[in-house]
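Worksheet for the structure shown next.
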Amino acid sequence: GKFLYAVNQIGGTVSKFTVNPLTGALSGRVDEPGVSDATIVAMHPRGKWLYVITGSASTSTIHTFTIDSVTGAVNKVGSRLPMASNPITAFYVDPGGLYVSLVTTEGLEPKPINQSTGTVAASSTLWTLTGSLPSALDFTR
C-alpha cells in the first residue's frame, strides 16, 4: 500500500506514514487527530476505511475512519460502536472486508461491516473457543 497507519495511545492521534513502493522505507509522518486511548488499528482490505479500538478491557469502542485515496488523510465516520465484550486481545478485518472480528478472552466476536459507509454494526454473536485463552487469529483465502 501507499500508506502505513499507527495509533498513539497517549497522544490520541493516528500517525500516517508514506511508504516507498520500491524500498518500503517510511517517510512523511503526519499525526492526525484520532481518538484518545487507542490501542489497536486495522485497515479494510479495499483501503477505504481504518478501524481503531479504544478503551480499556471493559469499555472498548470501535471507531471508523475514511481514508483519502490520494493523500491518505483519515476522517472519523459515523458514531463509535461501544463494545460490551470481554478484554480484546486482537482485532482483524477479514480478507473479503465483510466483517471485523474481535478476539476476546471468551472467543471470537464477528461484527458486520456496512459496505457503503464502512461502519461496523452491533452483533451479539460469540463463537466460543475451547482450550486456553485465545490471543490471535488469521484468515485464509
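How about region 27-53: which of its residues are surrounded by 14 or more Cβ atoms within 10 Å (Cβ to Cβ) and over 23 Å from Leu102 (Cβ atoms)?
Result: Val30, Glu32.
Can you tell me which residue within region 93-140, out of those that are at pLDDT below 65 and within 15 Å of the chain's Cα centre (by Cα), is farthest from Ser60 (Cα to Cα)?
Asp138
Quick check on my filter: what residues within region 63-92 are at pLDDT below 85 and touching a Pro at 6+ places or on another chain (Cβ under 9 Å)? Quick ask: steps written out before the conclusion?
First pass over region 63-92, keeping only residues at pLDDT below 85: 78-91.
Within region 63-92, Thr89, Ala90 meet the criteria.
The values are calculated or read from the model by the stated rules, or taken from the named source; none is laboratory data. This is a predicted model, so every value here is computed, not measured. Every residue, glycine among them, receives a Cβ derived from its backbone with ideal geometry; neighbour counts consider all protein chains shown.
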